[in-house]
Every structure is written in structure tokens, then in C-alpha cells.
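Report on the following structure.
Values quoted throughout were computed directly from the atomic coordinates according to the rules given, and no laboratory measurement underlies them. Only a predicted model underlies this, so the values are computations on that prediction, with no experimental measurement involved. Methodologically, a virtual Cβ is constructed for each residue, glycine included, from the backbone with ideal geometry; neighbour enumeration extends over all protein chains shown.
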Number of protein chains: 2
Amino acid sequence: MDITNITSFVPPIRTLMGPGPSDVHPRILAAMARPTIGHLDPRFVDMMDELKALLQYAFGTNNELTIPVSAPGSAGMETCFVNLVQPGDKVIVCQNGVFGGRMKENVERCGATAIMVEDTWGTAVDPQKLEDALKSHPDAGLVAFVHAETSTGAQSDAKTLCQLAHQYDCLTIVDTVTSLGGTPVRTDEWGMDAVYSGSQKCLSCTPGLSPVTFSERAAARIKSRNTKVQSWFLDLNLVMAYWGGSQKRSYHHTAPVNPLYGLHEALVILKEEGLENSWARHQRNHLALRAGLEAMGLSFIVHESYRLPQLNAVTVPTGVDEAAVRQRLLQDFSLEIGAGLGSLAGKVWRIGLMGYASNIKNVMYCLGALDTVLSAMKAPINAGQAMAAAQRVAS
Amino acid sequence: MDITNITSFVPPIRTLMGPGPSDVHPRILAAMARPTIGHLDPRFVDMMDELKALLQYAFGTNNELTIPVSAPGSAGMETCFVNLVQPGDKVIVCQNGVFGGRMKENVERCGATAIMVEDTWGTAVDPQKLEDALKSHPDAGLVAFVHAETSTGAQSDAKTLCQLAHQYDCLTIVDTVTSLGGTPVRTDEWGMDAVYSGSQKCLSCTPGLSPVTFSERAAARIKSRNTKVQSWFLDLNLVMAYWGGSQKRSYHHTAPVNPLYGLHEALVILKEEGLENSWARHQRNHLALRAGLEAMGLSFIVHESYRLPQLNAVTVPTGVDEAAVRQRLLQDFSLEIGAGLGSLAGKVWRIGLMGYASNIKNVMYCLGALDTVLSAMKAPINAGQAMAAAQRVAS
């Protein structure tokens, strides 16, 4: 490529209703542009302390080891596995979507064995199957599962799964990438031991950071490892020298200063609204979207009892080219919704209502745009019904 | 900590003349705040292609595998090692500062053996010592060294070291975190095989991204591994499905969208100035700073012949409390300079003139502030001489 004519990149204005990133709050964008200061500056260190306290609030925990990993959610996942898993270990992994499969990859790359507990994509993890696996593998030391499967929109019962794990002396690794801030995540109450999330979903921040929290049990296991953590960058024994409790921070890696400003602002906004209010808002806007989608004749792939309000996976009507619909939505309405992943590719759309993007204006805009595009493509829907149905629920 | 009273974080305005982050160009800060779009958006994909081309320009390479890793420089280092090293391998690591030691950590955490070639901190890597090691270890497959040691300010002869490595059938891993954009980095001409850098030094971007480039030889070795890369997040075989050459990108992890806007802008600015002009500017401002520091009576720890213009390590005068000086500079002048690291802790200051921060205003400001603080502390310097000396060189 000839670089001569490359100039500043000015992105289009989108409405982001896919599986993340979601629309970013203007206050967070403004925070990203504040002047950079040093990663060991005393003022920055004060900001880090606030950030830790705000993350503890979001995670519902008093865990001392609560920090943002300096990389996206996938690195947060890897942080949990490389620190808690040692070669030769046995880890029970519950899979009901794409991200359980990624957990298996992580376990195996740590030189450990993954015992897979499989559930149909779009359903929740079955506690009975987990208990069977725990009974069959008394030498397992860890249970890993996804609380909110971004690939399907199904939420599992984290409390019950953690209780079972602890009954069989296992610690737990839990993926809350899509749930944190959108639906309840009660780290301490549910007994989750290692929890990771992402900045770009219900926290409405820009992508690139991964909040994590570790229980005292988990921290103790990390400290007592008899092998080194295979990743230097993600080794919490080293990272904690920088993010630790004292004012005397020692250099590990250079923290992503401006993205951390953004995450701080995102968490201040969450605190101002209040966690419970945020959860209620996500539920309210989901119900309005659902009324509209159902009035059009579209159906959800996840049963109501474990459906995530912030990630709505709906079946593509027979005969409709799902990619063409997304393309029209992007081109004509500058609206992004998500495609299916893995075994659901081509079969579903994933409509996100996450964080700042979970508002009634987005609900109405998405329904109107979808109605227009599907009608123009002569898809088998009840055209013109969606927005009125949503309005009835919203009002 | 009680979170009730936590509000938006408004950082102070600093002048950043430490070892990085350096002052960020206002255009880059503005780019960070542009509206977030999806990481699979066609407009974003176009931006990624531009970014790759601009990185090729900065690295002096035609390597297809040239991308920014979605995490800080330490993760870029780890990307090179985990992809190129397999368990049981032997890697020759040249160490002349902190970051060679980190390379050793990386090698060992990959299950390989590090053969250390040690040089005094503050000197360049000695090619003769490398050749001796290559002769003694004909089974080594890789040579790793730091081109520009951020901990000391010494630059090594990358071209000669790479030639030697190739003579003995080794590939090379080279750290250019502090050199890229500030002094010549000629990836293809010098035959460097795996090169990593950071966004927050001479590119003047915010910290958090790590540009990397791999030669065809290195890419072929990664593709022909007989073990999986131990990091899922950093596995280039997977990352390339997202950053690869085709318009059909597949999801690996969610890219840090806004920081990538920032890096794109940083590279556009570099292209507008021109690499050669940027190198000349770094040299010019270094000479002015040097004249001022020497007029004060301060001396450099690195010999002129391999001294980095962008990272000036100077000896702390006898009897001076180096930490107190940095604290006064920060409090009274909002000016950050760096402390010594590792074996140089307490003995040197590291004064950065990197990227946007490499300008005559910063040179004069730093000299004036240092003169004021050292004079007030009755340090043994020639007070009042610095700025005039710098001015003579600059004009």
C-alpha cells in the first residue's frame, strides 16, 4: 500500500448494538483524551486506588486482588488460567458456547487436562452434569464456566455452580465479560474465585482492558505455586508489585494510562447510576426490544428463564440472507448488530443492549431499521408492528 | 476505600521527560476520543490496513506480518518469544541492562534454556562475545538482544549482531521499544527477524500497544512449530486470521479500537515529518540538552559512540538525593524525569527526549528546572550555565 495519501482516520458515527463494543459514553471518550501522565506519577497511583475500589463495587467483592489487566478480555481469561493452572492439573470446563471452548484451549496450553461438560448452545450450564463430572474426577482442582455466554445470550446459575465446585474442593474461574454491569455479578456472595470481564460491554468503555478479581483462596494458590506462571506479562505475582496496596509501586509494565482514565470514568458513571438501577435499566430495555421483535414474528433462541437482557440472540427467518441484512443496517442506518459465532454462524443475529447503548432510543431505532430492511427484502415478518409493541411495554 | 465521593479523574498537565510515556501529541489525544466503531466494521478494517502499511514504513520493512499487539511493549516482547521459542530450545540472550534480563525470563518461561552474554550496563552489546557464544553453542536457534536499552540509554549495533546470528543459522529477536521513530531501525536491511516496540516512546502515542514485525523466515518458523504457542492471546497463527491480508477478517479478540486510532494518528504524524527528519530532530535536541547538562557539570554514563539521543542517562552528583530532586521537579515544575532501574537505581537520572517531547522548549525547560532545583539543594554544579550552552548549540 502506498502510504503517501494516508491521512487522519475519522470514523463514521455508528450505533453499536452488536455483542460489543457497545456505544461508548461521551464522558468516557472525553476522559480518553485527557493529558497523559506517567504510570508511576503519584496522582496516577491515587487514580489506580480509586479504580480498584470502583471495580470492587462493580464485582460485588472485597477482594484485595481486583485490578484491570492491561489488555482485552481474552487476556483477562488467560490471566486467570495461567496463574491458577499448573502442568498436570485437571480442570473441569463447562461449555455451552464459544467461550467455553476458548477456556479449554487455555487449559491445554497450560499443560493441563480439560474435562469437558457440554451443554447445548443457547442453554445454561446444567448443574447436574457438573456434579457428575466432579464425582467422576475427584482429582480436579478447578471448575471453569461462562456466566453470560456472549455467543448465545444464555446466563448460567453461577451461585449454584460455585457451591457445587466448592463442595468438591474446587476453585472456580468465571467469565463475566458480558454480565458485569448489566446483570447481577455477586463475586463474594456466590463464592467465585477468579473472575474476569471486559471494558467494552455493559461498562460502555472502549475495548482493550479486562477487569479481574481473585478471592483470597485463589490468591493463596497463586502464591504457593511450585512452577512459574508461564506468562511473564500476566504473572500476578509480578503485576501485584505495581497494582498492590502500598504507595510504593514498582515498575512491571507500562500501564495503558489513557484507557485507564476511560475505565475510571465508566465506573464513576456506573456508581452514579447505581448497580441495581443499571441492572433494572438493562432489563426494562430488553423487555421493550423483545416486545418489538416478537411482534415482528422473530423469536429468541434462549429460553426466557436464563435469557440475558443485554445480549439478544434471535433466529434469522427462513430464506433471509442474514449477512445482507446486517450489511444494509450498517450501510443505510449506520447500525451494527452482531452475527452468529461458531455453530450459530448464519443462524442468528445478536442484538446487544449493553451499558450506555441500553436505552429506549436505540431499541426503537433498531426495531425501525430492522423492520424497514426486512420488509424491503420481503422477509416473512409482520411489518409495521414492532415499534408500537415496544412503545406499549416501555410506557 | 469509600467510593461515595469518587468523581471524574482530571490529571495534572505534566511535561513527560522520563523513559516513557513521553508527551503525547494533541492530535493523538484527539484521535483517542473519536467515536468507537466495531472491530469488524469495514471502515475499521480499512484503517487496520493503513496502520499496517504505516508500521511497515516505521520499521523499514516489507514484512507482511507487521501489526500492533493489543497490549503494552512487554506483551510485544512475549509475543516474539512464545511464538518463536519451543520447549527444549536454546536461545542466546545478550544482556546489557534491565530488558535483557526480562528476555531471559521469557525464554525460561517457554521451557527453553537461555545462554547469557553479559555486558556492563551502559555499554553496547559486544559482537565478539556474541560470536564466542554462537561458536560454543552451535545448537542455539535464536539470538535475542535489545537495540536501545531504555534502562541505560545505550544503543547496540543491530546490523552486526544480526549478521553474526545469521552466519550461525540463528534467527534474531530485537527490542526496539525506545528506538523506533527516534533513531534508525532498518528491519529488512539489517536482517532482524522478530522486532517489537512500544507506542509510548518515540511514537508519542499513549501507552498500551506494541508494534511488532516478523520476517518471512520467522513467520515460516511459527507456522511449522510442532507444539502449540503457550499463549492463546498472543498466538500469531490465530491473531493473523484477524490482522491478515484479506478483507475477510475473523474474530480472535476484540481489538482496542480507540488506542488504535491513536497509533494510526501517531504514525501519520511520523510520516508527515518523515523518518529521517524525526531522527535528525532527536539528535539535534539531544545535542542541545547535552551541551546544557555538561555545562552544569553533569556527565553521561554512556559513551558518545553508542549513546541514544532520546534517552539520556546522567550520573547523579555525589551527595545529592536523587529521589528528592525528581520529587521537586514534579511538584514545582510538573516535570517528570526518570529514575535509574536495576543496578543503576539511585545512581542516574534518565532524561527522555522522545517523539513529540523532543523539542527545544522541553530542553530549555528541563535545564532551567534542574538548575533551579540543584542550586537550591546546593548540589555541586555550575549554576546558571546550562541554558546559554544549550542555546549556543541549538541556534
Item to complete: Would you please state which residues of region B:260-276 a label at A:M1 would reach in this model, taking the label point 7 Å out along Cα→Cβ and a backbone N cut-off of under 20 Å?
Response: B:260-275
Discussion item. Based only on Cα atoms, what mean projected area does the convex hull of the protein assembly as shown have, in nm²?
Written reply: 32.4 nm²
Worksheet entry | Most mobile of A:N312, A:N237, A:N285 in a GNM of chain A (Cα contacts under 10 Å) | A:N237
Discussion item. Can you list the copy-to-copy distances for B:R27, using a point 7 angstrom from Cα toward Cβ, in nanometres, shortest first?
Written reply: 3.2
Item to complete: Over the alpha-carbon set of region A:26-271, work out the extent along each principal axis and list the three values in angstrom, largest first.
Response: 55, 38, 28
Discussion item. One quarter of the convex hull surface, Cα atoms only: what value does that give for region A:179-240 in nm²?
Written reply: 5.0 nm²
Worksheet item: Under Stokes-Einstein, with the Kirkwood radius over Cα pairs standing in for Rh, what whole-number D in µm²/s applies to region A:243-314 at 37 °C and 0.692 mPa s?
Response: 208 µm²/s
Worksheet item: Of A:K90/B:K228; A:K159/A:K347; A:K228/B:K129; A:K90/A:K129; B:K52/B:K159; B:K104/B:K201, which ones are farther than 21 Å apart at the Cα?
Response: A:K159/A:K347; A:K228/B:K129; B:K52/B:K159; B:K104/B:K201
Worksheet item: Angle, helix B:360-376 long axis vs. longest principal axis of chain B, Cα atoms, 0 to 90°, nearest 10?
Response: 50 degrees
Discussion item. What would the Debye equation give as log₁₀ I(q)/I(0) for region B:210-280 at q = 0.18, 0.21, 0.24, 0.25 Å⁻¹, counting only Cα atoms as equal point scatterers?
Written reply: -0.92, -1.06, -1.17, -1.20
Worksheet item: Can you work out the base-10 log of I(q)/I(0) for region B:1-128 at q = 0.09, 0.16, 0.18, 0.19 1/Å, using the Debye formula on its C-alpha atoms alone?
Response: -0.48, -1.12, -1.19, -1.22
Discussion item. Only bridges whose two residues both fall in the protein assembly as shown count here: according to DSSP, what percent of them are antiparallel, nearest 5?
Written reply: 50 percent
Worksheet item: If you take the beta carbon distance between B:Q167 and B:S343 as r and set R0 to 25 Å, what does 1/(1 + (r/R0)^6) give as a FRET efficiency, to the nearest 0.05?
Response: 0.20
Discussion item. Taking a ≥ b ≥ c as the square roots of the Cα gyration tensor eigenvalues, with a/c under 1.5 meaning rounded and otherwise prolate when a/b beats b/c, else oblate, which class fits region A:160-272?
Written reply: oblate
Item to complete: Report, to the nearest 10°, how far helix B:158-167 tilts away from the longest principal axis of the Cα atoms in chain B, using its own Cα long axis and a range of 0 to 90°.
Response: 30 degrees
Practice prompt. Normalise the Cα radius of gyration of region A:124-176 by 2.2 N^0.38 Å (N = residues in it) and let me know the number.
Written response: 1.08
Worksheet item: GNM on chain A, C-alpha springs below 10 Å: top fluctuator among A:I13, A:I301, A:I37?
Response: A:I13
Worksheet item: Going by alpha carbons, how many degrees (0 to 90, nearest 10) lie between the helix axis of A:257-273 and the longest principal axis of chain A?
Response: 70 degrees
Worksheet item: Where a Cα-Cα gap under 16 Å defines reach, which aspartates and glutamates qualify for A:K271, not counting those fewer than 8 residues away within the same chain?
Response: A:D49, A:E50, B:D2
Worksheet, complete the sentence: Taking a ≥ b ≥ c as the square roots of the Cα gyration tensor eigenvalues, with a/c under 1.5 meaning rounded and otherwise prolate when a/b beats b/c or oblate if not, region B:275-394 comes out prolate
